[in-house]
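Working notes, structure below.
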Amino acid sequence: MKIYKYIGLILLTLIQTAAAKDKLSFKDWRNTVIKSSFSGVVLVAAENKVLFKEAFGLANREEKIPFSEDTIFNIGSLTKQFTATAILKLQESNKLSVNDPLSKFFDNVPDDKKNVTVHHLLTHTAGFVATRGGGSSNLHDVVTKQELIESAFKTKLLSPPGEEYHYSNIGYNLLAIIIEQITAGSYEAFYYKNLFEPAGLTETGYRLPKRAANRVAINYGADQTAYQRLFSIEAKSLPVGSPFQHLKFKEGPRFNMEGAGGMSSTIVDLFRWYMALNSNLILSEKSKNLLFLPHNESLEKKSKSYYGYGWDIKSTDRGTLHAQHNGSNGYSFADMHYFVDENIFIVLATNDIDVYPQVVMDELISLMEAGMANKKINKD
């Protein structure tokens with residue numbers, strides 16, 4: 001059995017000076033980011049130690065408030081890994097099984113959905129469509145649990161349960177409702193007590209965090225008007241407000257999104273989450289491994305990317321495990337990478353996806369991968 005061990009200081013030195021085969025040094029990468037229009041935060045960690053952490057640009061352009069490690073931002077679908085972890089936490093306490101069918105939790109399940117299991121919801125193989133309303137414009141609509149359930153049950157499945165992969169927020173909406181059915185409380189309260197508090201997360205959540213307005217990253221977007229679209233005129237990036245302002249505009253549940261997205265965090269909290277996962281503080285080793293299994297591998301034989309529980313799963317060229325997920329509300333964007341076998345963690349976040357320098361950020365991942373490939377220590 002091979003154990004892959006990485007020494008943080010050696011790796012940091014390597015990526016700062018660049019591997020011999022790489023033309024781009026880490027210093028060059030940072031300078032490129034500074035010269036770009038990127039506003040956000042970047043964190044790189046190895047062996048539970050922060051190697052690089054820096055904030056770039058403004059979290060609030062109108063108030064000229066810069067990004068910092070304490071800036072609170074929307075994490076979108078990174079929320080799904082918390083929902084998946086909560087489900088496994090309930091399985092550990094024998095409150096449910098991932099093999100349980102929907103009929104264990106809901107009445108009057110239609111015939112075509114009676115074979116849908118918790119596992120199918122977790123892996124996007126239940127056959128549900130992407131969202132109740134069909135697009136991100138309605139994610140913040142007030143939707144009750146019953147409305148979500150009725151809509152999910154009425155909608156025709158895209159494929160029989162377990163046969164195809166179809167990414168679906170509805171599956172994770174239903175998982176949040178199942179958590180509430182079992183715990184007789186809010187899903188978010190369960191996360192706080194069983195996931196966030198033990199891991200030391202203080203800024204992560206949807207409704208429960210007390211967010212100071214001057215610490216929240218304002219969202220920006222270059223939305224074209226009909227006139228601009230007609231004549232192919234480029235739109236300017238404008239503020240669209242706080243990602244949580246909808247909670248003040250109209251109270252009520254939003255089960256078109258809850259459990260699947262909508263939460264906030266900071267890079268400090270997400271680093272703590274990585275440490276909690278890595279140390280098995282929240283889940284047992286057996287349960288944690290379920291998060292990172294390529295559960296739908298048999299369904300996508302031509303793909304090199306599969307889905308675990310709340311994570312996209314890939315195998316690196318080194319034969320090691322790369323778990324990744326990103327999330328967006330259409331304006332903000334967060335991207336998380338966890339090289340599980342090699343104990344490397346990377347998180348990137350911005351409040352303006354329209355000017356997110358994807359190529360530049362991909363270069364950071366490439367630099368880290370080059371470092372890991374050159375400093376791997378094999379032990380039998």
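The values are calculated or read from the model by the stated rules, or taken from the named source; none is laboratory data. In this text, all values refer to a predicted model and were calculated from it rather than measured experimentally. Quick reminder, even Gly has a Cβ in these numbers, built from the backbone with ideal geometry, and neighbours come from all protein chains shown.
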Looking at Glu54, Glu92, Glu47 in this structure, which one is in contact with a Gly (Cβ under 8 Å, 6 or more places away or on another chain), acidic (Asp, Glu) and in contact (Cβ under 8 Å) with a residue 24 or more places away in the chain?
Glu47
Tell me the residue from Thr32, Thr85, Thr71, Thr79 that is out of contact with any Phe, Trp or Tyr (no Cβ under 7 Å at 6 or more places or on another chain) and over 30 Å from Phe244 (Cα atoms), please.
Thr32
Quick check on segment 147-155. Is at least one of its residues modelled with pLDDT under 95, of a type outside the set (Phe, Trp, Tyr) and in a loop (DSSP other than H, G, I, E, B)?
yes
Which residues, taken from segment 278-312, are crowded, with 16+ Cβ neighbours inside 10 Å, at pLDDT 95 or above and assigned to a helix (DSSP H, G or I)?
Ser287, Lys288, Leu290, Leu291
The residue from Ile87, Ile75 that alone is within 15 Å of Asn351 (Cα to Cα), hydrophobic (A, V, I, L, M, F, W, C) and modelled with pLDDT of 95 or more is Ile75
Assess whether Phe128 counts as being under 24 Å from Leu290 (Cβ atoms) and either without any contact (Cβ under 8 Å) to a residue 24 or more places away in the chain or of a type in the set (Phe, Trp, Tyr) (or both).
yes
Pick out the one residue from Phe26, Phe67 that is in contact with a strand residue (DSSP E or B) (Cβ under 6 Å, 6 or more places away or on another chain), surrounded by 15 or more Cβ atoms within 10 Å (Cβ to Cβ) and aromatic (Phe, Trp, Tyr).
Phe67
Condition met for Met368 (at pLDDT below 90, more than 22 Å from Phe56 (Cβ to Cβ) and among the hydrophobic types (A, V, I, L, M, F, W, C))
no
With the condition kept exactly as written, say whether any residue in segment 49-60 is surrounded by fewer than 17 Cβ atoms within 10 Å (Cβ to Cβ), under 26 Å from Gln358 (Cα atoms) and not charged (D, E, K, R).
yes
